Amino acid sequence: MKQLTRRDAVQMVVAGVLLTGATTAAAAGADRIIISGASGQLGDAAVKDLLARGVAANNLILCSRTPESLAQYAKLGAVTRFGDFSQPDSLAAAFAGGTRMLLISIGGGAGPRPVAHGHAIDAAKTAGVKQIAYTSWLGISKGDSQGIAVDHIATEDLLRKSGVAYTFLRNSLYMEILLPQAARMVADGKAVVPAAEVRMGYVSRGDCAAAAAAVLSTRGHDNKSYDITGPALVGVADIAAAATAATGKAIALVPADPNAPPTRGFGGPALAFASTAVADLTGHPATSIKAFLAANRDKLLA
């Protein structure tokens, strides 16, 4: 008999098939887990991972500005509610009954992010939430205090002062942002290697979701920070090699023109490290760039 993969298990649970053998606090009815932004890509993946871990759907409170998009989970027994960080009055009802929470950091459209996050933290505390896991920024762990780090530092500070147990999930850049670059390498048959390249610990969105689900469904994570990265540093040569392995297309490495102006990338030295947090939390290794591009072969060839 074919052994079920983790992806198979997730798909079976979402289809309503009962999986046994996973014992968690939430499955035992001790906790009800709030997922903010549950209709987004990260939130949706976290819901699937919680279900795959054996968390009962009726122990999930899924909040979104578009709760109607969560109908598949409502059918399984999850509570789906409207909640909008820019409408603080909506949050008390959205979070009612929850005891643990995944606070997914929002984009800039709802006003200053620390203010919006503060609304959510206050409402969660009032609702009786005992632990908030927050999706923060990896660079903070290496002293980054510029750019998007500013908002995440401010939100972490709000959580520390809230009196609620916190868990900081300091996520690296998503591997998903490398797909267009890798597809271009495949199409052009070449990849330009910057002279002063900084290789970074890109992580798949799926691994970020799995780490969050682990923190929410097991004990021992109060007032801790985790650096959520891929298993190794990734640069242009690594992307090219993985794209070749996935597609069979040769990609030549070309040094950057020494006279060309330097390229400005997102991230930088503060993201130039890899941790074992994904494996430590989930029990499975973080997704490598080779495995990630192999799983996205069709997109590379599109």
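The values are calculated or read from the model by the stated rules, or taken from the named source; none is laboratory data. Remember, it's a predicted structure, so these values are computed and weren't measured experimentally. With ideal geometry, Cβ positions are generated from the backbone for all residues, glycine too; neighbour counts draw on all protein chains shown. Each accessible area value is taken on the protein alone, full model and side chains, heavy atoms only, with ligands, DNA and RNA left out. Shrake-Rupley method; radii C 1.70, N 1.55, O 1.52, S 1.80 Å.
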key: Any chance His152 is under 17 Å from the mean Cα position of the chain (by Cα), closer than 29 Å to Arg32 by Cβ and outside any strand (DSSP E or B)   = yes
inquiry  = Which condition from (1) closer than 23 Å to Leu51 by Cβ; (2) out of contact with any strand residue (DSSP E or B) (no Cβ under 6 Å at 6 or more places or on another chain) is the one that Ala260 breaks?
reply    = (1)
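For region 94-111, which positions are out of contact with any strand residue (DSSP E or B) (no Cβ under 7 Å at 6 or more places or on another chain) and either surrounded by 21 or more Cβ atoms within 10 Å (Cβ to Cβ) or not hydroxyl-bearing (Ser, Thr, Tyr) (or both)? Can you show your working first?
Restricting attention to region 94-111, the residues satisfying the condition of being out of contact with any strand residue (DSSP E or B) (no Cβ under 7 Å at 6 or more places or on another chain) are 96, 99, 106-111.
Once the filter is applied, which keeps residues that are out of contact with any strand residue (DSSP E or B) (no Cβ under 7 Å at 6 or more places or on another chain) and either surrounded by 21 or more Cβ atoms within 10 Å (Cβ to Cβ) or not hydroxyl-bearing (Ser, Thr, Tyr) (or both), region 94-111 yields Ala96, Ile106, Gly107, Gly108, Gly109, Ala110, Gly111.
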Failed item in (1) out of contact with any Gly (no Cβ under 7 Å at 6 or more places or on another chain); (2) at pLDDT 95 or above; (3) in a helix (DSSP H, G or I), with Asn58 passing the rest = (1)
query = Say we look at region 201-235 and pick out the residues that are open to solvent by 10 Å² or more (accessible area, probe 1.4 Å) and assigned to a helix (DSSP H, G or I); which of these is farthest from Lys190 (Cα to Cα)?
reply = Gly206
ask   = What number of residues in region 80-109 are within 17 Å of Pro67 (Cβ to Cβ) and in contact (Cβ under 8 Å) with a residue 24 or more places away in the chain?
value = 16
ask   = In region 110-133, is there at least one residue being free of Cβ contacts under 8 Å to residues at least 12 places away in the same chain, more than 26 Å from Thr218 (Cα to Cα) and of a type outside the set (Lys, Arg)?
value = yes
query = Taking the stated definitions as given, is Leu169 within 12 Å of the chain's Cα centre (by Cα) and either polar (S, T, N, Q) or surrounded by 23 or more Cβ atoms within 10 Å (Cβ to Cβ) (or both)?
reply = yes
Index of the failed condition, Gly147 passing every other in (1) assigned to a helix (DSSP H, G or I); (2) open to solvent by 20 Å² or more (accessible area, probe 1.4 Å); (3) not charged (D, E, K, R) = (1)
